[in-house]
Amino acid sequence: MNEKDDSATDPRIYMAAERTFLAWIRTGIAFMGFGFVVARFGLFLREIAHSNNMTVPQHDSGLSLPVGISLIAAGIMVNLIAAIRHHRYIKALDRGQFRQAYGSAFTFLVAGFLAIIGLAVAVYLAVLL
């Protein structure tokens with residue numbers, strides 16, 4: 001595809017940046033929703049144990065509450081960092097520096113965090129069941 005001199009003002013570039021930003025916002029919201037579900041998972045397990053007449057410590061939330069809270073915090077951070085990156089990218093586009101790379105460290109950080117949380121939940125469930 002040929003590059004034009006006015007390619008920095010091409011509205012498709014701004015629309016692509018907006019779609020990317022919205023995808024990161026959607027990811028942050030999913031983090032927060034999943035964090036709420038995980039945080040309440042301990043309550044669900046206690047209710048199941050109670051219905052089966054098993055004794056379960058009432059104040060022990062296990063791993064689900066800290067993991068859920070960390071997922072909610074990660075969702076908030078993803079949304080904030082996505083907003084900051086989008087703002088910087090739009091500024092760079094306005095200056096005509098849209099080819100400047102911002103790196104993929106943020107993406108790898110999110111993926112690594114999800115891998116750690118997934119592993120912790122898998123180990124928790126394996127020990128629990």
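The values are calculated or read from the model by the stated rules, or taken from the named source; none is laboratory data. All of these numbers come straight from a predicted model, not from anything done at the bench. In this analysis, Cβ positions are derived from the backbone assuming ideal geometry, glycine residues included, and neighbour counts consider all displayed protein chains.
Worth a mention:
- Evaluation of residue 106 against (1) outside any loop (DSSP other than H, G, I, E, B); (2) modelled with pLDDT under 85; (3) of a type outside the set (Val, Ile, Thr); (4) closer than 24 Å to residue 126 by Cα (one fails), failing number: (4)
- Pair list, Cβ < 7 Å and 6+ apart or interchain, from the stretch 36-48 residues that are farther than 14 Å from residue 74 by Cα to residues that are crowded, with 17+ Cβ neighbours inside 10 Å and of a type in the set (Ser, Thr, Tyr): 41/64; 42/61; 42/64
- Applying the criterion of being part of a helix (DSSP H, G or I), among the aliphatic types (A, V, I, L, M) and at pLDDT below 85 to the residues of the stretch 48-91, the residue that is surrounded by the fewest Cβ atoms within 10 Å (Cβ to Cβ) is 48.
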